[in-house]
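A quick write-up on the structure given underneath.
The values are calculated or read from the model by the stated rules, or taken from the named source; none is laboratory data. The model shown is predicted, which means the values in this text are computed figures rather than measured ones. Cβ placement follows ideal geometry from the backbone for every residue including glycine, while neighbour counts extend to all protein chains displayed.
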Amino acid sequence: MKLARKDILGIRDLAVEEINLILDTAESFIEVSTREIKKVPTLRGVTVMNLFYEPSTRTRTSFEIAAKRLSADTINISTATSSVVKGETFIDTAKNLEAMNPDIIVLRHSAAGAPHMLSRVVRQSVINAGDGAHEHPTQALLDMMTIREKKKRIAGLKVSIVGDIAHSRVARSNIYGLTKMGAKVTVGGPSTMMPRFIDRLGVEVHHHVDDAIRDADIIMMLRIQTERQDMSVFPSLREYANLFGLNRKRVALAKEDVIIMHPGPMNRGVEISPDVADGPYSVILDQVTNGVAVRMALLYLLSGGN
Amino acid sequence: MSKKRVVMDSAGIDRSLTRISYEILEKNKGVEDLVIIGIQKGGVFLAERIREKICRIEDTKVPMGKLDITLYRDDLLTSSKKPRMGKTDIPFSLDNKKVVLVDDVLFTGRTIRAAMDALIDFGRPKLIQLAVLIDRGHRELPIRADFVGKNLPSSLWEEVNVSVSTDKAKDEVVILENA
């Protein structure tokens with residue numbers, strides 16, 4: 001089996017078989033991270049470039065660890081310390097990096113579609129590590145892996161995604177992926193954070209969080225981007241926490257064996273209360289562990305065989 | 001179409017595995033520090049059979065692990081096909097253990113090279129021995145087996161298939177001639 005594509009740009013254009021192949025492969029990689037010697041020689045001589053135009057701890061570290069555990073060489077470029085601040089254009093930066101002959105470029109960019117543009121300009125494989133409010137495919141894959149691990153299936157489960165749907169690439173990638181895999185997806189959040197026509201993606205829409213999470217098998221809370229507060233999408237953080245935050249009382253509305261997910265970074269006390277974030281239903285740290293395995297699987301599946 | 005020829009049936013395989021089990025015990029003077037590692041996938045079923053036999057003969061328990069060698073292959077970056085990965089599960093340390101590596105068919109020796117590299121990542125075994133059901137020749141690396149079920153001289157255009165599963169009655173070794 002091989003992933004018959006050069007790039008991973010979004011979940012939208014992945015087929016169900018491809019998602020299954022990635023998740024199956026990722027499951028096999030879990031074991032490598034539990035060894036005493038956490039390294040296999042698989043990608044010796046492969047160079048992975050992490051090009052990050054936006055801040056990130058989890059995703060960048062996760063990609064770097066994934067590459068290193070496969071014996072690939074990694075280079076991290078964050079724009080704050082690069083020539084971008086001298087005014088070099090995105091394409092020029094990309095062309096220069098291409099000339100140094102990496103094998104895989106991992107890109108995070110604030111502009112939706114940046115990885116797609118990059119993939120047309122360079123011959124290397126491009127992995128989208130989040131582009132604007134568009135897609136974040138590796139996050140959705142690790143979320144689906146976590147759901148499959150905890151629930152042994154995805155099809156037929158009710159997944160509620162709550163928060164700023166309009167600005168969330170995590171929500172969009174998860175909606176594409178989970179609906180493809182046969183889950184019933186519900187989105188919840190204030191109408192100012194709900195994109196128009198979101199129901200056309202095949203999801204149920206609720207504006208009250210209680211309705212959104214009722215009988216859910218999985219609740220996925222999204223980060224409230226506090227930097228958007230002055231865009232007046234909600235009156236105050238406190239009001240948001242009261243009306244849309246996930247607390248213990250609300251969790252009781254979901255299924256008894258509900259699992260609670262969050263892509264991080266969390267705003268404790270805003271979208272999620274600390275007792276829920278650290279509680280028995282929370283699988284937030286399992287998501288992070290699985291993230292490394294998913295990224296190892298992608299690097300492995302994309303490399304070689306030219 | 002390919003022609004199929006059965007070269008070993010269920011009873012034959014079982015007798016070979018019995019002999020190999022005795023040979024392992026003889027060569028290692030018992031089961032002290034002995035562990036058995038099956039190579040995914042075919043080797044795992046055979047390793048389980050050998051473990052059962054050894055446990056019965058010596059009336060004791062011998063640890064067993066599974067090893068997937070995909071990540072250690074030498075053709076991953078050159079071949080256009082990606083093999084589907086299996087699970088590695090070695091829930092014990094290999095330090096100072098006598099490891100018996102089990103596989104179904106010994107051919108070029110490349111799988112065994114990969115398996116040995118993988119094992120070394122799990123610790124420093126005292127020694128590694130190799131048990132295979134079929135040795136079909138055509139080695140590309142200086143590797144030989146310590147315990148062999150059957151030497152089966154074959155042509156390169158033939159395919160040697162070992163089917164061993166949980167259903168013992170259906171066990172067989174066949175040669176497929178790709179004409």
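Given the residues A:287, A:229, which is the only one that is modelled with pLDDT under 95, surrounded by 13 or more Cβ atoms within 10 Å (Cβ to Cβ) and among the polar types (S, T, N, Q)?
Working: A:287 fails: modelled with pLDDT under 95.
Matching residue, one of A:287, A:229: A:229.
What's the total number of residues in the stretch A:255-276 that are touching a Ser or Thr at 6+ places or on another chain (Cβ under 8 Å) and free of Cβ contacts under 8 Å to residues at least 40 places away in the same chain?
The qualifying residues number 1.
Does any residue of the stretch A:23-40 turn out to be outside any helix (DSSP H, G or I), more than 14 Å from chain B (Cβ to nearest Cβ) and free of Cβ contacts under 8 Å to residues at least 12 places away in the same chain?
So the first thing to find is which residues in the stretch A:23-40 are outside any helix (DSSP H, G or I), and the list is A:35-40.
Those left that are additionally more than 14 Å from chain B (Cβ to nearest Cβ): none.
No, every residue in the stretch A:23-40 fails to be outside any helix (DSSP H, G or I), more than 14 Å from chain B (Cβ to nearest Cβ) and free of Cβ contacts under 8 Å to residues at least 12 places away in the same chain.
Restricting attention to the stretch B:91-119, which residues are within 9 Å of chain A (Cβ to nearest Cβ) and not polar (S, T, N, Q)? Please lay out each step first, then the result.
Initial filter on the stretch B:91-119 (within 9 Å of chain A (Cβ to nearest Cβ)): B:93, B:117-118.
Result: B:117, B:118.
Any residue that is surrounded by fewer than 19 Cβ atoms within 10 Å (Cβ to Cβ), away from every other protein chain (no Cβ under 11 Å), over 26 Å from residue B:10 (Cα atoms) and of a type in the set (Asp, Glu) - is there at least one of those in the stretch B:32-49?
Yes, because at least one residue in the stretch B:32-49 is surrounded by fewer than 19 Cβ atoms within 10 Å (Cβ to Cβ), away from every other protein chain (no Cβ under 11 Å), over 26 Å from residue B:10 (Cα atoms) and of a type in the set (Asp, Glu).
Give the residue, chosen from A:296, A:266, that is crowded, with 16+ Cβ neighbours inside 10 Å and under 24 Å from residue A:211 (Cα atoms). If you could, list the steps in order and put the result at the bottom.
Values: A:296 fails: under 24 Å from residue A:211 (Cα atoms).
Selected residue: A:266, the only one of A:296, A:266 that is crowded, with 16+ Cβ neighbours inside 10 Å and under 24 Å from residue A:211 (Cα atoms).
Output the residues belonging to the stretch B:85-103 that are modelled with pLDDT under 95 and within 22 Å of residue B:162 (Cα to Cα).
B:85, B:86, B:87, B:88
When the residues of the stretch A:41-56 are filtered to those that are assigned to a loop (DSSP other than H, G, I, E, B) and over 20 Å from the mean Cα position of the chain (by Cα), which remaining residue is nearest to the other protein chains (Cβ to nearest Cβ)? Give the steps one after another, and end with the answer.
Taking the stretch A:41-56 as the starting set, the residues that turn out to be assigned to a loop (DSSP other than H, G, I, E, B) are A:41-46, A:53-56.
Adding the requirement that they be over 20 Å from the mean Cα position of the chain (by Cα) leaves A:41-46.
On the way: A:41: 6, A:42: 4, A:43: 8, A:44: 8, A:45: 7, A:46: 7 Å.
Taking the candidates together, the pick is A:42.
Taking the condition modelled with pLDDT of 95 or more, surrounded by fewer than 19 Cβ atoms within 10 Å (Cβ to Cβ) and away from chain A (no Cβ under 14 Å), does residue B:153 pass?
Values: modelled with pLDDT of 95 or more: no; surrounded by fewer than 19 Cβ atoms within 10 Å (Cβ to Cβ): yes; away from chain A (no Cβ under 14 Å): yes.
Here the answer is no, as residue B:153 does not meet what is asked.
Only one residue in A:13, A:73 is within 20 Å of the chain's Cα centre (by Cα), among the charged types (D, E, K, R) and surrounded by fewer than 17 Cβ atoms within 10 Å (Cβ to Cβ). Which one?
Details: A:73 fails: within 20 Å of the chain's Cα centre (by Cα).
The unique qualifying residue is A:13.
With the structure loaded, tell me whether residue B:68 is among the acidic types (Asp, Glu), at the interface with chain A (Cβ under 10 Å from one of its Cβ atoms) and surrounded by fewer than 16 Cβ atoms within 10 Å (Cβ to Cβ) or whether it fails that test.
Details: among the acidic types (Asp, Glu): yes; at the interface with chain A (Cβ under 10 Å from one of its Cβ atoms): yes; surrounded by fewer than 16 Cβ atoms within 10 Å (Cβ to Cβ): no.
No: the conditions fail for residue B:68.
Looking at the stretch A:191-225, which of its residues are crowded, with 19+ Cβ neighbours inside 10 Å and of a type in the set (A, V, I, L, M, F, W, C)?
Answer for the stretch A:191-225, where residues must be crowded, with 19+ Cβ neighbours inside 10 Å and of a type in the set (A, V, I, L, M, F, W, C): A:193, A:203, A:209, A:212, A:213, A:216, A:218, A:219, A:220, A:221, A:222, A:224.
What residue, among those in the stretch B:71-88 that are at the interface with chain A (Cβ under 7 Å from one of its Cβ atoms) and of a type in the set (D, E, K, R), is nearest to residue B:26 (Cα to Cα)?
B:87
Is it the case, given these coordinates, that residue A:170 is surrounded by fewer than 24 Cβ atoms within 10 Å (Cβ to Cβ) and of a type in the set (Val, Ile, Thr)?
Details: surrounded by fewer than 24 Cβ atoms within 10 Å (Cβ to Cβ): no; of a type in the set (Val, Ile, Thr): yes.
For residue A:170, the condition - surrounded by fewer than 24 Cβ atoms within 10 Å (Cβ to Cβ) and of a type in the set (Val, Ile, Thr) - is not met.
Could you grab me the full set of residues in the stretch A:32-70 that are among the basic types (Lys, Arg) and either in contact with a strand residue (DSSP E or B) (Cβ under 7 Å, 6 or more places away or on another chain) or surrounded by 17 or more Cβ atoms within 10 Å (Cβ to Cβ) (or both)?
The first filter runs over the stretch A:32-70 and keeps only residues among the basic types (Lys, Arg), leaving A:35, A:38-39, A:44, A:58, A:60, A:68-69.
Selection gives A:60, A:68, A:69.
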